[in-house]
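Everything below concerns the one structure shown next.
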Amino acid sequence: MQAENNAGLNQKSAEGGGSNHWKPFVRGLTELLFYFPFLLLAVVWLLPQSEVYPWLLTLWLPYAAAAWLIHKAESLKFWRRLAGALIIGGVHIAAFAFFRGLTGYDAIWLLCMATAIWMADRGVAMRLHGWNDSFSFNRMASCILAYFVLTCIIHWGPDRLSPYSIPAAICGITALFLFLLIINHRHLSFELIDKGKNSAVLTARRRNRWMMAILLGLIVLISIFRQLQQWVEEGLKTAFAALMALFRSESSPPDQEIPASQEPNAFLPEIEPREPALWMKMLEQFMWYVIYAFIIAVTCVLLFFIIRKLFRLSEALWKRLFHTKAINNEDGAAYKDEIESLMASSKWKRNRASRAKGGLLNDVKAWNELSANSEKIRYLYKMMVRRGISRGYSYRKDQTARETAEALAKRQQKLNGTVVYELDRFVDLYEQARYGGIEPDSSEVELYRSRLEEK
């Protein structure tokens, strides 16, 4: 029970309280988007069609104003809360009527004012109880269901609602996406043990938002793929038709009126039109082929650059999302066996040339720079692991040196049926040199080096 209370306190503190003054505006727009079906059905019968959208688009202002005015209040009596909502709603309707130049419709404005009062009360509830409680899962799910009902009413209901079919569809899809994002974000926040703002938590939340956005984008792309295909086909047909019309207009000069003085003599016999020569037909056909080939070549070049750019952007996004060094969680980090020096890309690049020449231990200069035998035995261990990686071994950061060597030996024995060297003795020398500071014998170092070079 205490843990749940602490989680609730941490959740409220993570929401920001009054520290972020922009949050009421964003949350007001979000709730307005979810409440759009109810507000539309309430207002569309009261206001002229030209005033419906301006009124709906300003309803987030009472929400934000109420939340901003009481951002430091921890509790509020009912009559004060009601009076504040009435004042904010009255100011909003008066300002709207003044700026829009509207008069009359007293009863209608009172009914419209009720929606502004309700939105102001929602802003007060968000500030007093927290957004997770005031805008809960059940409330959001009911709004998504209301979009479905609104769509059915628009299609089979009165004609007065038909102009709002496209805005309702767009708002419904957007609300569904926000519903999934908000629910996923809240679930992640509840699952995380650390509710603070350290780098690991922030990175996990940012990665989660990116992954949800990518997933939702793919869902949208799949759902409207057929419509996109039709739009692309129609656009290409229109573009080709316009291009062909342009070429035809350039190739054939416009008809010129023949002056009366140059009109053909009525007494002379008319000359029957003849078909163009064969070589003219072939030339025209050839020119059309050239034009088609040029258009296809330009399209392929554009697609190549677009795909290459998209590939680079996706690769950069992938590295940004899944780079192992992005999350700095040193407290809970597992065992790492010299992973920084072992897997550093710079050392891989420095040894790429020597590996290409046939061996990982052919870098004589690097070997001679190692003066102590302890450094040499550790160098041999690294080369052994690098050789295993180059041959398909998947390195694990959480394994010790002995476990890594055993895995490499088992893999080597499975592939070739032989073991390259005495495993236990080699690991003993490595651990003594690394942890105990004991210098191994030069003969043993040279022995293991020669055995590694054999393979």
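For the reader, a short list of remarks on this structure follows.
- Fewest-first sequence of 23, 309 by Cβ atoms within 10 Å of each Cβ: 309, 23
- Between residue 159 and residue 138, the contour length at 0.36 nm per residue exceeds the Cα-Cα span by 4.5 nm.
- In this calculation the C-beta distance from residue 98 to residue 218 is compared with R0 = 56 Å, giving a FRET efficiency of 0.75.
- Local electrostatic count at residue 139 - Lys and Arg +1, Asp and Glu -1, tallied over other residues with Cβ under 11 Å: -1
- Residues 159, 441, ranked from the fewest to the most other C-beta atoms within 10 Å, line up as 159, 441.
- Relative packing of 380-392, 26-38, 132-144, which averages over residues the other C-beta atoms within 10 Å, highest first: 26-38, 380-392, 132-144
- Going from the residue with the fewest nearby Cβ atoms within 10 Å to the one with the most, 233, 403 rank 233, 403.
Every read-out reported here was derived from the displayed coordinates using simple, explicitly stated rules and does not represent laboratory data. Just so you know, these numbers come straight off a predicted model, no measurement behind them. Glycine also receives a Cβ, built like all others from the backbone with ideal geometry; neighbour counts cover every protein chain displayed.
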